[in-house]
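The values are calculated or read from the model by the stated rules, or taken from the named source; none is laboratory data. Keep in mind it's a predicted model, so treat the numbers as computed, not measured. So basically every Cβ, Gly included, is an ideal-geometry build from the backbone, and we count neighbours across all protein chains shown. Just so you know, the surface numbers come from the protein's heavy atoms only, side chains and all, with ligands and any DNA or RNA stripped out. Shrake-Rupley method; radii C 1.70, N 1.55, O 1.52, S 1.80 Å.
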Amino acid sequence: MWEWYRIGLSLGLGIGIGGLCSALAAPRRALVAVVAVVAAAIGAAVGYAIGGWHEAVAGGIGGALGAAAVAPLVVGALRRGGTRGGTAVLVGLASLLLAALALIPVVGFLEAVGLPAFGARARRREGERYAGLRSLARD
């Protein structure tokens, strides 16, 4: 049972690391793969420090999964007018929360299933840039 906990912990920490890497790098679409590889390497290193090669594989998968799931949200927020600093802070804090939640048994596995589903749902529902008061201005 202890092994499953450490694997889930490594997976959840990797997801948090991947989200944090995406938040800090604020990647464009072309750089998402590079950020995912870097996040996978960091996640694998953290996983290996936790327990061994099982945890390293889980941390690497979590890092890549977290970066790939969060990067489109960051790119979309920046495209619709969000600032780099504000987006990095908000997404970074959410990623740290995801990493902290991985300390709860089984939650790391649930994050690995839920985060990509949440990201896909958010991409389908994304809107255009907010017009603000410009929509009320007369030409």
Exercise. For segment 46-85, which residues satisfy the criterion of being open to solvent by 20 Å² or more (accessible area, probe 1.4 Å) and under 15 Å from the mean Cα position of the chain (by Cα)?
Worked result: Ile61, Ala64, Leu65, Ala68, Pro72, Leu73, Val75, Ala77
Exercise. Got at least one residue in segment 22-45 being among the hydrophobic types (A, V, I, L, M, F, W, C), over 13 Å from the mean Cα position of the chain (by Cα), under 19 Å from Val107 (Cβ atoms) and open to solvent by 30 Å² or more (accessible area, probe 1.4 Å)?
Worked result: no
Exercise. Is it fair to say Arg84 is touching a Gly at 6+ places or on another chain (Cβ under 8 Å) and among the basic types (Lys, Arg)?
Worked result: no
For this session: Would you please list the contacts, defined by Cβ atoms under 7 Å and residues six or more apart or on different chains, that run from a residue in segment 85-111 that is in contact (Cβ under 8 Å) with a residue 12 or more places away in the chain to a residue that is assigned to a loop (DSSP other than H, G, I, E, B)?
Result: Thr87/Ala26; Ala88/Ala26; Gly108/Ala102; Glu111/Ala102
